[in-house]
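The values are calculated or read from the model by the stated rules, or taken from the named source; none is laboratory data. Remember, it's a predicted structure, so these values are computed and weren't measured experimentally. Heads up, the Cβs are rebuilt from the backbone with ideal geometry, glycines too, and the neighbour counts pull from every protein chain shown. Please note that ligands, DNA and RNA were not included when accessible areas were found on the heavy atoms of the full protein model with its side chains. Shrake-Rupley method; radii C 1.70, N 1.55, O 1.52, S 1.80 Å.
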Amino acid sequence: MTGRHGGGRRYGSGGGGKGRRPEPEPIRGVRDEARLSQELLKMDGASYGRYKTLKGDWDFGDFTLTVQRVQADPFAPPSRIRVYRPDAGIPESAWKDPIRRRATADHLGRRAHGLLRRSLLKIDTGGQEVIARSSIQVIEGGGMDLRIGLNLPGHGRRIDGRTAERELCGVLPDLIDDLDWDEIDRDQAIAFADSVVDTVALREQLTDRQLVAFVADGAILPRRSGISDEPMSKGAVPFTSPESLRVSLETPHRGTVSGMGVPEGITLVVGGGFHGKSTLLHALERGVYDHIPGDGRELVVTRDDAVKIRAEEGRGIERTDVSPFVRNLPTGADTGDFRSDNASGSTSQAANICEAVEAGSRALLVDEDSTATNLMIRDERMQELVHGDREPLVPFIGLVRPLYREHGVSTVLVMGGSGDYFDVADQVVMLDAYRPHDVTEQARSLARERPDAEFALPRARVVDPTSVDDTTGKGRGRIKRRDMDVLTFGDNDIDVRAVEQFVDPGQIIGAGLALRLLVRDRHLDGERTLREALDSLERALAEKGVTLMGDGFGGDYALPRRHEIGAVLNRLRALRVTELR
Ligand code: ADP
Ligand code: MG
């Protein structure tokens, strides 16, 4: 993949392309630290391609360094190094429990990232969320397994052996030493894991308490800016629950915490513009993930099957059953088996809801800021002007109750612009200068009777696995991303901008790898429904861990949720569905 960048063409030697020279043989004989040092110094000034002789394992005593991939030229993506250290002194308490293991790995990864700031070695690490990722694993027995990048240094097309020696035989062993349990600030590491354990414990209580989400008193929801996910530093109003919605939940390390429980059913969030509605909803969207201590949202949790819903004009739809929302299109198309290369705002939002429910979501998060109005409401005057038989859309307002009553799908909806949803809300929370108030009673006194429409569960789809293909065509084997916008999967560019619960660039790569895995390990076998395939993949990932996805992949990735994997699959324009059940 990297050779394509034309190292060979531009520099006339090494690199990829046709007529590639045979790869040099890996260095033979004793391969330990001293030998590596010696060889790197000896390579100084040699042609860049000689770096390939480093491939394979090097014995550093405490750990094994494996050179997995060597870049073709200094401008190609970094080379890949793996460090396997069977014993790093991590205590059993931290590696036995999978939550603690993930948290400890994450913490150590952040520490490593900081230590490598001025190095050519790069370790991928997370933002505000604690997400399993390829770059570092804590392993059974108290060891660690790192997958890192190294930009092998060169002077033009010549090897800079001294710098490479310093990085691999100086910086790297120092780093591994510094990550030893005896060397790190253990209290901090334990506190980090404790915090994540608490977050998970809160989330696990939601279902039993019949809650969709929980927002602790004192939580800091607003972020520093539109481009920073760090907490607002000055002037943030801490969250305080309205008395009537306040619940207390237990945590293993913080004891009892109180805050607002968002009950199952239909919760409406209202309030004037700029009073913090979207900020609250955004915190709920992110509440499916665990946050690092100091984030402000450590104790904000949402059920992990919650999916943000939005309109997404222009997306493709492949045989999705959108019939609850769309009937009698002017084209006569069958909306129980709906296909479009260019969906409208309303049909795209309808598809997003139906697909989320199909993939197993039982909680929808909706913000008026990003919805198609005509799918949300239709007022009386419009109904008078455009009669029912001329309007194919059934607005969400008539479906939101049957969705919950009949299928257990709750909705949290931000809606400041229309009071129509008073009619269907179970609770109404008003934000006033960032403080939530329970205004359910007042809203109810303004509510009117409203007939519900019917919501039949969308039919389940069976996917043709051969349509999910990254192994043929010009782009074969390619999994790349452009910012948080596009995932390239083989020859396909998948627009993921509207998949708002991707929070980490690594998750986008992870979703690409998950598509590959869905097919390769026959989770998608042409028989199972999409949902069953996601179940099966999810089980395999839970059992084998995140690195199951990246066998042989030369880059960093992080674990996406099943809902984002499904969302990516649904946006793959090559997708073919063979059957609706
Ligand atoms: P709305 O959706 O009600 O129009 P937003 O959630 O977009 O409002 O918030 C408007 C502004 O207020 C944003 O700049 C946001 O960062 C800020 N904000 C939100 N919540 C708080 C808070 N608790 N304390 C201080 N500022 C906040
Ligand atoms: Mg808003």
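If the condition is being within 16 Å of ligand 1 (Cβ to nearest atom) and exposed (fewer than 12 other Cβ atoms within 10 Å of the Cβ), then region 235-255 contributes only 235.
Taking region 204-226 as the range and being outside any strand (DSSP E or B) and not small (Gly, Ala, Ser) as the test, the residues that pass are 204, 205, 206, 207, 208, 209, 210, 217, 220, 221, 222.
Output the residue which, of all residues in region 408-456 that are hydroxyl-bearing (Ser, Thr, Tyr) and part of a strand (DSSP E or B), is farthest from ligand 1 (Cβ to nearest atom).
Out of the qualifying residues, it is 410.
Selection of first residues in region 348-369 that are within 16 Å of ligand 1 (Cβ to nearest atom) and of second residues that are acidic (Asp, Glu), restricted to Cβ pairs under 8 Å at least 6 apart or on distinct chains, gives the following pairs, ordered by first then second residue: 365/285. Kindly establish whether residue 538 is more than 16 Å from ligand 1 (Cβ to nearest atom), under 22 Å from residue 308 (Cα atoms) and outside any loop (DSSP other than H, G, I, E, B). Against the criterion (more than 16 Å from ligand 1 (Cβ to nearest atom), under 22 Å from residue 308 (Cα atoms) and outside any loop (DSSP other than H, G, I, E, B)), residue 538 qualifies.
Part of a strand (DSSP E or B) and more than 14 Å from ligand 2 (Cβ to nearest atom), is that true of residue 259? When the stated conditions are applied, residue 259 passes them. When residue 565 is tested against (1) without any contact (Cβ under 8 Å) to a residue 60 or more places away in the chain; (2) in contact with a helix residue (DSSP H, G or I) (Cβ under 6 Å, 6 or more places away or on another chain); (3) aliphatic (A, V, I, L, M); (4) within 17 Å of residue 147 (Cβ to Cβ), exactly one condition is not met: (4). So, of the residues in region 274-318 that are open to solvent by 10 Å² or more (accessible area, probe 1.4 Å), more than 20 Å from residue 261 (Cα to Cα) and among the hydrophobic types (A, V, I, L, M, F, W, C), which turns out to be nearest to ligand 1 (Cβ to nearest atom)? Step by step, filter region 274-318, then rank; the result is 274. Exactly one residue out of 196, 200, 270 is more than 20 Å from residue 361 (Cβ to Cβ), open to solvent by 10 Å² or more (accessible area, probe 1.4 Å) and in contact (Cβ under 8 Å) with a residue 12 or more places away in the chain: that is 270.
Restricting to region 224-234, give me the number of residues that are open to solvent by less than 60 Å² (accessible area, probe 1.4 Å), in contact with a strand residue (DSSP E or B) (Cβ under 7 Å, 6 or more places away or on another chain) and either of a type outside the set (D, E, K, R) or within 16 Å of ligand 2 (Cβ to nearest atom) (or both).
1
Kindly evaluate residue 579 against the criterion of being in a helix (DSSP H, G or I) and out of contact with any Phe, Trp or Tyr (no Cβ under 8 Å at 6 or more places or on another chain). No: the conditions fail for residue 579.
In this structure, is residue 237 farther than 30 Å from residue 46 by Cα and not in a helix (DSSP H, G or I)? So that I can check it myself, show each step before the final result.
On the way: farther than 30 Å from residue 46 by Cα: yes; not in a helix (DSSP H, G or I): yes.
So residue 237 fits the description; yes.
Yes or no: region 271-281 includes at least one residue that is under 14 Å from residue 218 (Cβ atoms) and within 16 Å of ligand 2 (Cβ to nearest atom). No, region 271-281 contains no residue that is under 14 Å from residue 218 (Cβ atoms) and within 16 Å of ligand 2 (Cβ to nearest atom).
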